[in-house]
Amino acid sequence: TKKFEEILWKIAETLVIEIKHIQYQKMMHHHAILLVKYLCEETIKLDHVLASSILKKPLHIAAANGAHEVVEEILYSFPSAAYFLNKQKQLFLHIAIANRRERVFNLIYQFEDLGHQFLRVIDMSRNNGLHLAGYLERSSEFNIKTSAVGAALQMQREIQWFKEVEKCSLPQDKERKNDQGKTPMELFSETHEKLIKEGGKWMKDTSTSCTIVAALIVTIVFAATITVPGGNNEGSNNSDNGFPVFSKEKAFIIFAIADAIALVLSSSSVLVFLSILTSRYEADDFLKVLPIRVLVGLVTLFLSIIFMVVAFGATTFLVFGHKKAWILIPVATSACLPVSLFASLQFPLLFDMLKSTCGPGIFGKQGDRKLY
């Protein structure tokens, strides 16, 4: 008992420390925003040129690092800061796009109808905002080398960025060429070629492996349908001649239903993964089509495993567990192992892909305060 109490106290102390740390971080964040607000209020009292020289560098650093509260406060206090240019002749919005800082980019929706004007501005390389969205994010090089899954999800995120910036740009900006003579779409296709290749390779490898597993399940459950547990009734005088011996047992009904569902789901999984293998692997396919197919394929495969295990449990009970209810305990326990193993290995991927594909998205208006 004492040891148990000591363990509880240690856990409580650890949790309290973590909670205190979170509260401390929130307090520091709040105080930092108040400090920024105070500094902005004091800075705008100075001469316009002096105030511009003071606020320019902090604005661009905040935009590059995703500190959207700091950027918003500077823009609200000093509206002309929206037109500050860095050494590459880029606005804060260009910096946010180049560094993939969605919280800073979302401030464009608080400018009402002025957002497209910022995106039209060209930098030293004659890149507009859409050109910068067409370049591959720097951190993507790391993702490509370390994780094929990361490459697939990163490709999806890159397309989401390009589509969102394209939506906010004027039609003529989509065809504007930079100093390399390339339009934003041409630039996107060129810089993302390797990412598309790596993401497509992961999709193919995953689909191939899952197709083999799903095909094995189809074979198993189809064979179980033909060779039912207990065999069939035989004898010319029997009215149930040809019917399964356990056809009137509840466990047999469970087996039949679970086996049929497993067959349908595993067959569906095979077809879905085959559609992934035969895909064109165009850039736009990574936005919705391929991720949704992977999700559907993995979910149907997971469910088919569950129903196959249920059918196995029902069969085991029919053959060995007659009048021995206790046999359900080891059967159920062993049946949970493959299901839980598959869930623990695949659910993180499913969650990330579901959130990225069907979630609320990372773009949209995040405040009611009007800027400029």
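Read-outs throughout are calculated quantities, based only on the coordinates presented, and are distinct from any laboratory measurement. In this text the structure is predicted, and so the values were computed from the model without any measurement. Counting neighbours? That spans all protein chains shown, and the Cβs are built from the backbone with ideal geometry, glycine included.
One decimal place: the segment V49-Y372 gains 114.5 nm when fully extended, by the rule 0.36 nm per residue minus the C-alpha distance. Cβ-to-Cβ counts within 10 Å put D179, D47, D352, D285 in ascending order as D47, D179, D352, D285, the fewest first. The residues packed around E175, meaning those with a beta-carbon under 15 Å from its beta-carbon, carry a net charge of +3 if Lys and Arg are +1 and Asp and Glu are -1.
Packing-based ranking of 220-226, 336-342 yields 220-226, 336-342, ordered from highest to lowest mean Cβ neighbour count within 10 Å.
What do you get for Rg/Rh over the range 41-165 if you use C-alpha atoms and the Kirkwood form of Rh?
We get a ratio of 1.02 for the range 41-165.
If R0 equals 56 Å, the separation of the Cβ atoms of Y83 and V339 corresponds to a calculated FRET efficiency of about 0.45. Taking label points 7 Å from Cα along the Cα-to-Cβ direction, K194 and K57 give a separation of 3.4 nm.
Between E41 and F320, what length in nm is gained on full extension when 0.36 nm per residue of separation is reduced by their alpha carbon distance?
Result for the pair: 92.4 nm of gain on full extension.
For the range 158-204, the set of GluC sites (Glu not before Pro) satisfying both a DSSP loop assignment and a count of at most 12 other C-beta atoms within 10 Å is given as E175.
Could you list, in their original order, any pairs among K197/K365; K87/K197; K87/K177; K26/K288; K37/K163; K87/K370 whose Cα atoms are separated by more than 31 Å? In this structure, K197/K365; K87/K197; K26/K288; K37/K163 lie more than 31 Å apart at Cα. Of F118, F320, the sequence from fewest to most neighbouring Cβ atoms within 10 angstrom is F320, F118. Excluding same-chain neighbours fewer than eight residues apart, the aspartates and glutamates reachable from K56 by a Cα-Cα span under 16 Å are E41, E42, D47, E69, E72, E73.
Projected label points at L114 and T227, each 7 Å from Cα along the beta carbon direction, are separated by 7.7 nanometres. Neighbours of N65, meaning other residues whose beta-carbon lies under 11 angstrom from its beta-carbon, give a summed charge of +2 when Lys and Arg score +1 and Asp and Glu score -1. 3J(HN,Hα) couplings calculated from phi for the range 297-313 with the Karplus curve 6.51 cos²θ - 1.76 cosθ + 1.60 (θ = phi - 60°) are, in sequence order, x, 5, 5, 5, 5, 4, 5, 5, 5, 4, 5, 5, 5, 4, 4, 5, x Hz; Gly and Pro show x. Here F92, F162 are placed in order of increasing Cβ neighbour count within 10 Å, fewest first, which gives F162, F92. Plainly put, the range 147-220 has a radius of gyration that is 1.22 times its Kirkwood radius, both from alpha-carbon atoms, as the Rg/Rh ratio. Per-residue extension of 0.36 nm, minus the Cα-Cα distance of T208 and C358, leaves a gain of 51.6 nm for this segment.
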